[in-house]
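K.L.:
First, the structure itself, so that you have it in front of you.
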Amino acid sequence: MTEFTAFDGTRLSYETLGSGPVLVLVPGGPRDSVYLEDLGGLSEHFTLIRYDARGTGASQAPAEPGAYAYPVLAEDIEALRRELGEQTLDLLAHSSGTVVAQAYAAAHPERVGRLVLVGPGPDMYGAGGGDIPEILGRRGDEVWFAEVSQAARELVALGPDSPPEQVFDVLSRYTPAGYGRWDERQRAHAEAQLATFSLTAWSGFWAAESGPKAVLDGLAAVKGPVLVVTGERDALTGVAVGDVAAGHFPDARHVTVAGAGHFPWVDAPDAFVTAIREFLGDQPPISSGEKSSTSTKG
C-alpha cells in the first residue's frame, strides 16, 4: 500500500494492480476497496489504482465526522490525481462511489478523461428505481426469496431517522438480491465485503450542504465520454437508473450486463471486462454477451 495526504491532512492509502493505462477505482460502500478485487481480470489490461476511502481499509479516519460527506470524498480524488502526477484521470466508480465520482467530475470537469459508473443508485437522481420490485419478483424460485422479500418490506418501512445499525442489518439480509446468482463465489464475496463496511463513514456520506442537484447541474460541463454499467439482475439499484444517469452527461451510453447483479465482475467477469475494455478503447466493440441501450445528449 502507498500513502498520500488529502487536503485536510487525512492520510489515505492506495494499491496498484496490473499494468497498462491508469484507471482509478472509486469504491462504494463505504467499505475496504479490496471487495473490488481486480474487477474480473481488468488488471491484465490496465494499471488499477484501488484506493481506500477515508475511514475504511488502510486509510485514516478524518478528525471531523462531517468530513465523510461525498463532496469531501470527491476532493480526495483530486489529491490522488496530484499524487499520481496525472493531468487527467480515467475513473471507474462503483455503487455509492458513483456519487463521489460524479461530484468530482462536476467540480473538476477538466480533470476527467473517461468515466465509468457501475451500479449507480436512484437516490442521486430521485428517479430510476421503479424497476427494482419487478427485477426482484423474477427471482421468486430462489431459496432466499422469502427472507429477502421480508427485508425489502422492512426497507420500505425505514425512515430517514432510522439508526444506521438497523438499516445495515436490513440491507445485509437483502444482500442476495444484489447478486446475479447466489453460488459459493457470490456468498463468499458478500460475506467479505459486508465485514469491512464502515457505519461511521456511511452515516456521514450524504451530509452535503448543497445536495445532489448542484452536482447534477455541473455534469453538463463533463466533455469526456461516460459509460454507465448496470446488471440485468440487480435488485439493489435496478437497471432503469442507468438511462437516468447517462442522461445527465453530454456524451454517455448505458450498457446492461446479462446475468449480472450489483457486482458484475463477480457474476459475469468476462462480459464485464469486455464492456469496459471496449469503452476504454482497448478492444473491438462489445460482444453479444451483453445487452445494451444507449443514452446520449447534445
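K.L.:
With +1 on the Cβ of every Lys and Arg and -1 on the Cβ of every Asp and Glu, and nothing else charged, how large is the dipole of region 126-282 about its Cα centre, in debye rounded to the nearest 20?
P.N.:
160 debye
K.L.:
If I model a spin label as a point 7 Å beyond the Cα along the Cα-Cβ vector, how far apart are those points for R185 and E15 in nm?
P.N.:
Result: 1.9 nm between the two label points.
K.L.:
Which of the peptides 170-176, 150-156 is most tightly packed, and how do the rest follow, judged by the mean count of other Cβ atoms within 10 Å per residue?
P.N.:
170-176, 150-156
K.L.:
With equal scatterers on the alpha carbons only and no solvent term, can you work out the Debye log10 of I(q)/I(0) for region 2-293 at 0.07 1/Å?
P.N.:
-0.23
K.L.:
On alpha carbon coordinates alone, what is the Rg over Rh value for region 187-270, Rh being the Kirkwood radius?
P.N.:
Computed over Cα atoms, the ratio is 1.03.
K.L.:
Run the quick spin-label model on T200 and D161: label points 7 Å from Cα toward the beta carbon, then report their separation in nm to one decimal.
P.N.:
My value for the distance between the label points is 2.5 nm.
K.L.:
Here is a further query. Among T230, P264, L17, which residue has its Cα furthest toward the positive end of the charge dipole of region 2-293, with +1 on Lys/Arg Cβ and -1 on Asp/Glu Cβ?
P.N.:
So the residue we want is T230.
K.L.:
How big is the dipole moment of region 1-121 about its Cα centre under a simple scheme where the beta carbon of each Lys and Arg is +1, that of each Asp and Glu is -1, and everything else is neutral? Debye, nearest 20, please.
P.N.:
160 debye
K.L.:
Run the Debye formula on the Cα coordinates of region 112-173, all scatterers equal and no solvent, and tell me log10 I(q)/I(0) at q = 0.19 1/Å.
P.N.:
-0.91
K.L.:
Where the only charges are on Cβ atoms (+1 Lys, Arg; -1 Asp, Glu), what is the dipole of the chain about its Cα centre, to the nearest 20 debye?
P.N.:
460 debye
K.L.:
Charges on Cβ only, +1 for Lys and Arg, -1 for Asp and Glu, centred on the Cα centroid of the chain; of G159, G242, L194, which one is farthest towards the dipole's positive end?
P.N.:
Farthest towards the positive end: G242.
Read the figures in this text as sums done on the coordinates, not as results from a lab. In this text, all values refer to a predicted model and were calculated from it rather than measured experimentally. Backbone-built Cβ (ideal geometry, glycine too); neighbour counts: all protein chains shown.
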